[in-house]
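Structure, as structure tokens:
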Amino acid sequence: MKIIDTDIAIIGGGASGLVAGIAAARYGCNNITILEKLPRVGKKILSTGNGRCNLTNSSISTDDYDGDTELLSYISGDIENPEEFFSSLGLICKADDTGRVYPFSNAATSVLDALRFAADFAGIDTICEYSVTDIKKAKNCYIITNGETEVRAKRVIIATGGKAAPSLGTTGEGYELSKKLGHSLTKLYPALAPIRTDVGLVKSLKGLRVAADVSLLADGKIIDRQSGEVQFTDGALSGICIFNLSAKAAKYVGKGEISLDTAPTLSKEELYGIIKSSAEIRATLPCEELLTGIYHKRIGQAMLKKAGIAFSKTCGEITSKEISLICTAAKDSRYPIKGVSDWSLAQITCGGIPASEVSDKLESLKSSGVYLCGEILNIQGKCGGYNLDWAWKSGYTAGMNASLSLSE
Ligand SMILES: Cc1cc2nc3c(=O)[nH]c(=O)nc-3n(C[C@H](O)[C@H](O)[C@H](O)COP(=O)(O)OP(=O)(O)OC[C@H]3O[C@@H](n4cnc5c(N)ncnc54)[C@H](O)[C@@H]3O)c2cc1C
């Protein structure tokens, strides 16, 4: 078997792994090897932000994360502001008016290229198509293998991501490797994903979008709230605001509901007045046209159905009570939570290795000399650049500390 000796082996050449390598080099290590199972590094980065890579956010706090948020306080080194870090790699960024930060080029390839050039410039050895299948501790090193080539490393950084989007390389192998090193795992479930509901309720709306205030309800109480554009898909509700509710929704499958207020800027009274006047203007038309001046025709018809209005009526025959029912359907239309879409449609993993199993240097408390970073740890951000922000910052912290520990 071929043997490679290295000071720091990084398992996974994704967002956190690439930055870990760059940081390790900045802090003095000159023998770093990235092991990536896909034919090229950073494939997921290219898919982020719809190909634009929403790489951070201009406003970040612990409230933007779930899971073991104490991990955020472990961030150290010169990475407090990822925009400055990327600027040091020659990448210019810009924020949109919601605070989401993108590369100036609007192209995720620019982000990956900046990282690749910096890794090459630092002399990092990148071995692609190397899928780590085993890791064990030896006397003075860790022995990593893919069954063909053995890598012997003084320090190891596990940056294998989670289980979301398996076609981009993340199939959860990092969890198994970490277990071999003594780690445990919290429950894992897909997040930042569409929420599945009754197929019948959304079938006629497939492909449509509506601006809404969205509430996650359990036992009639509001658990969380988001605003934004909701997309109706095959049996599911989708869109950023839905993604942001998906992690919590997973806890209420079969017992919770999603409520859509599709007239968020109007009070019930104002909406009542608008529908009443529409009923008068369109008095002789079939009632299925009642809401076509307010909503997309198919959405309007779905609301009438939800309100139980018989389509045989004309608009002029709609009663005041029925208008009230339509207002309720518009401002509080309920969709039972049947589940959260599977890993293939999820952007991130909820759960992971608990914070209690790493030090504030992101070093494993189960196997010294092993560091963990990125999505494999139990912390999850909402949509808006928060997950990549964590990946860069935790990667930098792990890389820096692994490097510094070599000279201790
Ligand atoms: C479609 C999509 C869009 C997204 N958009 C955004 C966005 O705009 N903004 C944002 O903040 N977040 C976004 N995210 C989330 C973000 O991409 C991830 O949270 C982040 O990439 C996690 O970084 P990581 O380094 O932990 O893992 P990853 O970037 O997933 O990298 C892990 C790497 O490890 C490799 N690997 C896995 N197992 C092995 C093994 N056994 N041996 C060797 N290599 C292995 C994988 O091939 C992969 O290259 C998006 C995610 C998806 C799926």
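The set of residues in the range 384-407 being hydrophobic (A, V, I, L, M, F, W, C) and within 10 Å of the ligand (Cβ to nearest atom) consists of L388, W390, A391, W392. Evaluate the following for T314: is it surrounded by fewer than 23 Cβ atoms within 10 Å (Cβ to Cβ) and touching a Pro at 6+ places or on another chain (Cβ under 7 Å)? Answer is yes for this residue. Screening the range 34-129 for helices (runs of 4 or more DSSP H) wholly inside it with 1 or more residues that are within 9 Å of the ligand (Cβ to nearest atom) returns the ranges 43-47, 108-121. Taking the range 145-168 as the region of interest, how many residues are more than 18 Å from S394 (Cβ to Cβ), of a type outside the set (S, T, N, Q), within 9 Å of the ligand (Cβ to nearest atom) and outside any helix (DSSP H, G or I)? Qualifying residue count, the range 145-168: 1. Set side by side, the residues G207, G220 differ, and just one is more than 19 Å from G339 (Cα to Cα) and not hydrophobic (A, V, I, L, M, F, W, C), which is G207. Given the structure, is G17 more than 14 Å from the ligand (Cβ to nearest atom), of a type in the set (G, A, S), closer than 30 Å to I3 by Cβ and assigned by TED's automatic domain parsing to the domain that holds D120? No: the conditions fail for G17. For the range 350-361, check the following and say yes or no: at least one residue is more than 17 Å from A159 (Cβ to Cβ), within 16 Å of the ligand (Cβ to nearest atom), at pLDDT below 95 and in contact with a helix residue (DSSP H, G or I) (Cβ under 9 Å, 6 or more places away or on another chain). The answer is yes, given that some residue of the range 350-361 is more than 17 Å from A159 (Cβ to Cβ), within 16 Å of the ligand (Cβ to nearest atom), at pLDDT below 95 and in contact with a helix residue (DSSP H, G or I) (Cβ under 9 Å, 6 or more places away or on another chain).
Does T186 satisfy being closer than 17 Å to W390 by Cβ, out of contact with any strand residue (DSSP E or B) (no Cβ under 6 Å at 6 or more places or on another chain) and more than 13 Å from the ligand (Cβ to nearest atom)? Considered against the rule, which asks whether it is closer than 17 Å to W390 by Cβ, out of contact with any strand residue (DSSP E or B) (no Cβ under 6 Å at 6 or more places or on another chain) and more than 13 Å from the ligand (Cβ to nearest atom), T186 comes out as yes.
Among the numbered conditions (1) in the same structural domain as A247 (by TED's automatic domain parsing); (2) modelled with pLDDT of 95 or more; (3) surrounded by fewer than 16 Cβ atoms within 10 Å (Cβ to Cβ), the only one that V214 does not meet is (3). Determine, yes or no, whether L177 is within 22 Å of the chain's Cα centre (by Cα) and either farther than 16 Å from N31 by Cα or exposed (fewer than 14 other Cβ atoms within 10 Å of the Cβ) (or both). So L177 fails the test.
The values are calculated or read from the model by the stated rules, or taken from the named source; none is laboratory data. Note that the structure is predicted; figures quoted are calculated from it, not measured. Heads up, the Cβs are rebuilt from the backbone with ideal geometry, glycines too, and the neighbour counts pull from every protein chain shown.
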